[in-house]
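Novice: Following this message is one structure expressed as structure tokens.
The values are calculated or read from the model by the stated rules, or taken from the named source; none is laboratory data. Predicted model only: the values in this text are computed from it and were never measured. Backbone-built Cβ (ideal geometry, glycine too); neighbour counts: all protein chains shown. The accessibility values were calculated without ligands, DNA or RNA, using every heavy atom of the protein model including side chains. Shrake-Rupley method; radii C 1.70, N 1.55, O 1.52, S 1.80 Å.
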Amino acid sequence: MKAELQKTHFLTDGASLAGPDPLEILQELVAIPSVNPCGADLSGATYFEHGMTRWLTRFFSQLGTPFEVQEVADGRCNVVARLDVDPAAPTIMLEAHQDTVPVDGMTIAPFQPVLKGGRLYGRGACDVKGGMAAMLAAFARLATERPDGCANVIMACTCDEEFGATGARHLARSWRNDDRSESFLTSPPDFCIVAEPTDLNIIVAHRGVVRWKLQTLGLACHSSRPHEGVSAIYAMAEVIQALQKYAGELPERVGEHPLCGAPTLSIGRIVGGTSVNIVPHECEIEIDRRTSPGERSDQVLTELEAYLRGQTSVDFVMHPPWIDADSLADDQDPRWVDRLLQQIQAISGPREKLGAWYCTDASSLAAAGAQAVVYGPGSIAQAHTADEWIEIEQLRQACETYYQFCLRPIDMQSPA
């Protein structure tokens, strides 16, 4: 580990910031492949979070803060560290995910961080190792200084955000588990900041997502006598037409959220048949439904299935969703959000409270009883791109904001 735990770095205006340099941390993190295969049957050194988890355990060991490794599934782990300063102080959680999307089609070397023109390039630089590096640097500075009046701080580095959000859900369950001996997270934190690229704005509401497979069934036969069989692909075409119609009706059916817009439905994948000379006996699609704050996914699925059965005469099966992530409602304690916005603006200039069309770990934490918002360096326009990058100035501003926010939390005794 090259990043030292004590160092001074600088913003472009010349102001000095104490503590470890988030840029050096980010360079190390980008160089560690942690690709989420996103459901594909892939393995090897490039995939999953193993290298990141090893790096994080060394980081927290060197720092000397208590931490735990939570195995979520098949060796995929959350790493959670805790800084306890004052039992009477509020507890703030800083959360970022370890995994990245795949690197297919990238036009730069994904795991060779390159500094150029005030930016750092590489897979995960923006989504979301930049946010993690800023949080880790702020956490390390707080742990080293232990300043008076500081909040208690939890640094949570979760797995599998890009496909199943299983890491954040496991983390949230750890403070809801009746057997508190399994974790040192014995209650929800008072406030959570989830790192995602927000251009240093605060996301106070975002859509949820539910994804599932729908299968049509037919009867296979020789393609020279198609009348003797039933084509599952033709049946799926009827379903797809109904789904397209339903998607167009969603804004009117549900309405538009003032921050997140209208909910959406999209078909992202289709597979069917075994050979061109066989009438296909099955066909399968994968559906992505983005839910608005206030919608429940179980009701969404029930309503859609009833709609399809009423609109088609097709034999189909709705499989259980493999991801079911809640939306984030803009109902946080305004004291926390206003305090964070005040701190951001003091460092980065005017910023806003916004909504987002995508989904994050914040909704899983909020569903388990924690106040949660999304804030971090970088632009969502650079996430998942072929030449992913982050502005170094935003990286350092976010680091200072995380530090200052934890340094001066709100007074929990003041009225909301």
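Novice: Can you tell me which residue in segment 212-235 is surrounded by the most Cβ atoms within 10 Å (Cβ to Cβ), limited to those that are in a strand (DSSP E or B) and among the aliphatic types (A, V, I, L, M)?
Specialist: LEU214
Novice: Restricting the search to segment 336-362, which residues are open to solvent by less than 20 Å² (accessible area, probe 1.4 Å) and either of a type in the set (Asp, Glu) or at pLDDT below 95 (or both)?
Specialist: The answer is ASP361, and nothing else.
Novice: To continue, here is another question. Give me the residue from segment 386-408 that is in a loop (DSSP other than H, G, I, E, B) and open to solvent by 30 Å² or more (accessible area, probe 1.4 Å) and, out of that set, modelled with the lowest pLDDT.
Specialist: So the first thing to find is which residues in segment 386-408 are in a loop (DSSP other than H, G, I, E, B), and the list is 386-388, 408.
Filter once more, so that each one left must be open to solvent by 30 Å² or more (accessible area, probe 1.4 Å): 386-387, 408.
Working: ALA386: 98, ASP387: 98, ARG408: 89.
Among those that are in a loop (DSSP other than H, G, I, E, B) and open to solvent by 30 Å² or more (accessible area, probe 1.4 Å), it is ARG408.
Novice: Can you find, within segment 22-78, the residue that is most open to solvent (accessible area, probe 1.4 Å) among those that are in contact with a Phe, Trp or Tyr (Cβ under 7 Å, 6 or more places away or on another chain) and farther than 23 Å from ALA140 by Cβ?
Specialist: Of everything passing the filter in segment 22-78, GLY39 is most open to solvent (accessible area, probe 1.4 Å).
Novice: Further question: Could you check segment 371-385 and list, in sequence order, the residues that are touching a residue at least 40 places away in the same chain (Cβ under 8 Å), open to solvent by 10 Å² or more (accessible area, probe 1.4 Å) and either of a type in the set (A, V, I, L, M) or under 22 Å from ASP190 (Cβ atoms) (or both)?
Specialist: Listed by number, the residues that qualify are GLN371, ILE380, ALA383.
Novice: OK, next. Picking from ASP127, ASP148, which residue would you name as being under 20 Å from THR401 (Cα atoms) and without any contact (Cβ under 8 Å) to a residue 60 or more places away in the chain?
Specialist: The conditions single out ASP148.
Novice: Can you report the number of residues in segment 128-144 which are open to solvent by 10 Å² or more (accessible area, probe 1.4 Å) and either over 22 Å from ASP190 (Cα atoms) or outside any helix (DSSP H, G or I) (or both)?
Specialist: Filtering segment 128-144 down to residues open to solvent by 10 Å² or more (accessible area, probe 1.4 Å) leaves 141, 143-144.
After this cut, where a residue has to be either over 22 Å from ASP190 (Cα atoms) or outside any helix (DSSP H, G or I) (or both) as well, the list is 144.
The total comes to 1.
Novice: Go through segment 145-178 and report how many residues are in contact with a helix residue (DSSP H, G or I) (Cβ under 8 Å, 6 or more places away or on another chain) and either among the aromatic types (Phe, Trp, Tyr) or assigned to a helix (DSSP H, G or I) (or both). Walk me through it before giving the result.
Specialist: Residues of segment 145-178 that are in contact with a helix residue (DSSP H, G or I) (Cβ under 8 Å, 6 or more places away or on another chain), as a first pass: 147, 149-151, 153, 155-161, 165, 168-169, 171-172, 174.
When the remaining residues are screened for being either among the aromatic types (Phe, Trp, Tyr) or assigned to a helix (DSSP H, G or I) (or both), the result is 168-169, 171-172, 174.
Total satisfying the criteria: 5.
Novice: For segment 276-334, which fully contained strands (runs of 3 or more DSSP E) count at least 1 residues that are of a type in the set (Asp, Glu) and farther than 30 Å from PRO409 by Cα?
Specialist: 282-291, 323-325
Novice: Out of segment 252-261, which residues are under 27 Å from the mean Cα position of the chain (by Cα) and either within 22 Å of ILE285 (Cβ to Cβ) or open to solvent by 100 Å² or more (accessible area, probe 1.4 Å) (or both)?
Specialist: Selection gives VAL254, GLU256, PRO258.
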